[in-house]
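Right, one structure below, let's go through it.
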Amino acid sequence: MENYTYIRKTVTFSGRRYEVRGRTEEEACEKFLELLAHLRQGGEAGLTVEQWFYQWKRTYKDPAGLTKKSLDSYDEKYRCYIGPTVGSLPLKEVRDMDLQEILNSQAGRSYSHVSKLRMVLQELFRQARRSRLIVHDPAEGLQLPEYSKGSHRPLTQEERSHILALAETHASGLWVLTILYAGLRPGETAALLWKDIDFDHNEIHIHKAVESGTRVVKSPKTPAGIRDVPMRRELRERFQLCCGEPFTPVFPTKQGNVRSSSSLWRLWDSFSKALDLRMGAKVVDGKIVEHAIAKDLTPYCLRHTFCTDLQRAGVPINVAKELMGHADISVTANIYTHRDQGVLHANMAKLDAPPKAPKRPRKSSKD
C-alpha cells in the first residue's frame, strides 16, 4: 500500500473556512481554484453588500498601511450612507441607479465629502468585479452631484490689513504669518522644529506634518509635500526674535509639546476672536452678538492667499506648484485661474506696450 503526503489548501470565504487536499501541489491548486470559483459564482450567490464590505476592507484595506483616520473614514462612509441603503442587498442585485441615488442624496455637501463617498463605492464594487463576484460594475459610471465649493479663498484687502496689524502683538501672530508668508499647511506648521528654520540658507525645510485629528508626526502624503520654502524678510525677522533649541517645536503647546490638530484650531480660534473684535464685532455683556469677520475665514484662506500672491507677482505656475507642495499642477491651476482684476489689467497693459526694437547682430572681430 502506497503512502501519500497530501498537500492542503485552505481559504476563508464570507466568514467560513474551506479546505481541499491533493496528492501533488498541482492537484491541490486545481482543486483550490475550482472551490474558489464555486464559492464566488454559485456557492455564495447570496453574498450581501455588507458581508462583502467587511471582507473587502479586512482583505484589501486593513493590511495596506493606511492611517487609522483613513480606515475609520471607510467605516463611516459605509455605516452612514452605503449600508442603510444597499447593505442588505445581494451584491448581484445592486444597480447603478441605487448607487447614484446614494450620491445624489448628498447634493450640496462639500466636494471632499461626495468625492470620497464615490471613491469608496467605486473601490468596493470594482474589486467585487475583479473577484468575479459580479459580472458588471454598477459603480463604474457614477457622477458627482452638485457640491459646495468650500471655503478656501484669498483674503480681502481689509482682512489682510487687520490680520497683519493684529499679528504684530497676538500670541498666534507668528503662526498666522508662517501660513500667510510661506504657504504652509496647518499640519506642517505643527511639525516644524527650530532646526527646520534654516537661517544660513534663508529657507524653511518642510519634511513632516502632523496627521489630521492626531498628534502623530509623519511624512507628507505625497513626495511633493517635502520642500524648501525661501523666507520672506518679515517672516525671517520674526523667527530670529524667538528662535529656540534645534529639536524643540516652533509652535509648542504650553507644556512644550507638538500641537495636535485641535490645539492648532485653538490657536486660530483665539486669533480670529481678537480679529473679530478689531474689525468691529458688536459685543453685549462681554459676548460677541454680531460678528464682523466672514464665516468662511479659515487658516486655509491664508495659504490660499500665499498662492494668489505668487500669481500677482508673476511667479510661473510650475514654481508655485513646488512652493505650495502640490502633487498635481491642476490643484495650483485652480487657484491661479481665480479671477483677479489687478492681474487682468497688468497683462492687458502688455498689449499697449510699444514693441521692442529687434536687436542688431553683433559685428564679428574679423569685420
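The values are calculated or read from the model by the stated rules, or taken from the named source; none is laboratory data. Just so it is clear, the model here is predicted, and its values are computed rather than measured. Don't worry about glycine lacking a Cβ; one is built from the backbone with ideal geometry, like all the others, and counts go over all protein chains shown. Ligands, DNA and RNA are excluded from the accessible area calculation, which covers all protein heavy atoms including side chains. Shrake-Rupley method; radii C 1.70, N 1.55, O 1.52, S 1.80 Å.
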With just the Cα atoms defining each centre, how far is region 302-336 from region 114-185? Give it in Å. 16 Å
Output ³J(HN,Hα) for region 246-263: one whole-Hz value per residue in order, computed from phi by the Karplus curve 6.51 cos²θ - 1.76 cosθ + 1.60 with θ = phi - 60°, and x for Gly and Pro. x, 9, 9, x, 5, 10, x, 6, 4, 8, x, 8, 5, 7, 8, 4, 5, 5
Along the charge dipole of the chain, Cβ charges K/R +1 and D/E -1, which of PRO138, LEU310, TYR300 sits furthest on the positive end? LEU310
On the accessible surface of the chain, probed at 1.4 Å, how many percent belong to carbon and sulfur atoms? 51 percent
Just going by the charge dipole of the chain, with Lys and Arg at +1 and Asp and Glu at -1 on Cβ, which of LEU174, PHE239, ASN104 is farthest out on the positive end? PHE239
Testing the spin-label approximation: label points 7 Å from Cα along Cα→Cβ at GLN127 and SER88. State their distance in nm. 2.5 nm
List the residues whose amide H sits under 5 Å from the amide H of GLU203, counting only those 5 or more places along or on another chain, with H placed 1.01 Å from N in the peptide plane. ASP198, MET231
Just to verify a number: what accessible area does LYS282 come out at with the full protein assembly present, 1.4 Å probe, Å² rounded to tens? 110 Å²
Probe 1.4 Å, all protein chains in place: accessible area of THR24 in Å², nearest 10? 70 Å²
Radius of gyration and Dmax for the chain's Cα atoms, expressed in Å? 28.8, 107
How far is helix 341-352 tilted, in degrees, relative to the longest principal axis of the Cα atoms in the chain, given as a value from 0 to 90 rounded to the nearest 10? 70 degrees
Where chymotrypsin sites (Phe, Trp or Tyr not before Pro) fall in DSSP loop in region 236-341, at most 13 other Cβ within 10 Å: PHE247
Can you give the accessible area per residue of the chain, in Å², using a 1.4 Å probe? 61 Å²
Does anything in region 260-301 have its amide N under 12 Å from the 7 Å Cα→Cβ label point of LYS69, and if so which residues? 260-265
Quick check: pseudo-label points 7 Å beyond the Cα along Cα→Cβ at LYS195 and LEU241, how many nm apart are they? 2.7 nm
Give LYS31/LYS92; LYS254/LYS295; LYS31/LYS57; LYS9/LYS218 a once-over and call out the pairs whose C-alpha atoms are over 31 Å from each other. LYS9/LYS218
Got a sec? Which residues in region 172-208 would a label at SER219 touch, if it sits 7 Å along Cα→Cβ and we count backbone N under 12 Å? 207-208
